[in-house]
Amino acid sequence: MNNEPRDYITIEDEDGNQKQYAVEALFDMEEESYALLKADDETLVMKIEGEEGNQYLVGISNPEESEAILAAYQIAVENAPAEKV
């Protein structure tokens, strides 16, 4: 089974610092689309906005909202694991 991330993305924070994240998952929840991004020491959940072909990531400013989305995603994965190849 291949555990390689799909892609990498570089995100710049409000101070101009850049950090590279692996795109671990793309998922939909409550009619919104999200990306799960991981770096060595942190995990981010960002909202995907825009139309196909012209999409961009938007940070979730409320940490409680971000944690709730991540927790719901983890519960969904645990209850419906991907099929093994």
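The values are calculated or read from the model by the stated rules, or taken from the named source; none is laboratory data. Here the structure is a predicted model, which is why all the values come from computation and not from measurement. Cβ placement follows ideal geometry from the backbone for every residue including glycine, while neighbour counts extend to all protein chains displayed.
Within the range 26-75, restricting attention to residues that are surrounded by fewer than 12 Cβ atoms within 10 Å (Cβ to Cβ) and in contact with a Phe, Trp or Tyr (Cβ under 9 Å, 6 or more places away or on another chain), which residue is nearest to Thr10 (Cα to Cα)?
So, considering only residues that are surrounded by fewer than 12 Cβ atoms within 10 Å (Cβ to Cβ) and in contact with a Phe, Trp or Tyr (Cβ under 9 Å, 6 or more places away or on another chain), the one nearest to Thr10 (Cα to Cα) is Glu42.
Just for the range 6-25: of the residues that are surrounded by 11 or more Cβ atoms within 10 Å (Cβ to Cβ) and among the small types (Gly, Ala, Ser), which one is modelled with the lowest pLDDT?
Per the stated criteria, the residue is Ala25.
Residues of the range 42-80 being over 14 Å from the mean Cα position of the chain (by Cα) and of a type in the set (A, V, I, L, M, F, W, C), which ones?
Selection gives Ile75, Ala76, Ala80.
Note down all Cβ pairs under 9 Å where the first residue falls in the range 27-38 and is at pLDDT below 90, the second is among the hydroxyl-bearing types (Ser, Thr, Tyr), and they're at least six residues apart or on different chains.
Hits for this filter: Met29/Tyr73.
Which one is modelled with the highest pLDDT, of the residues in the range 41-80 that are assigned to a helix (DSSP H, G or I) and hydroxyl-bearing (Ser, Thr, Tyr)?
Ser66
Are there any pairs with C-beta distances below 9 angstrom linking a residue in the range 1-20 that is among the aromatic types (Phe, Trp, Tyr) to a residue that is at pLDDT 90 or above and surrounded by 10 or more Cβ atoms within 10 Å (Cβ to Cβ), with the two at least 6 apart or on different chains, and if so which?
Qualifying pairs under 9 Å: Tyr8/Gln20; Tyr8/Tyr21; Tyr8/Ala22; Tyr8/Val23.
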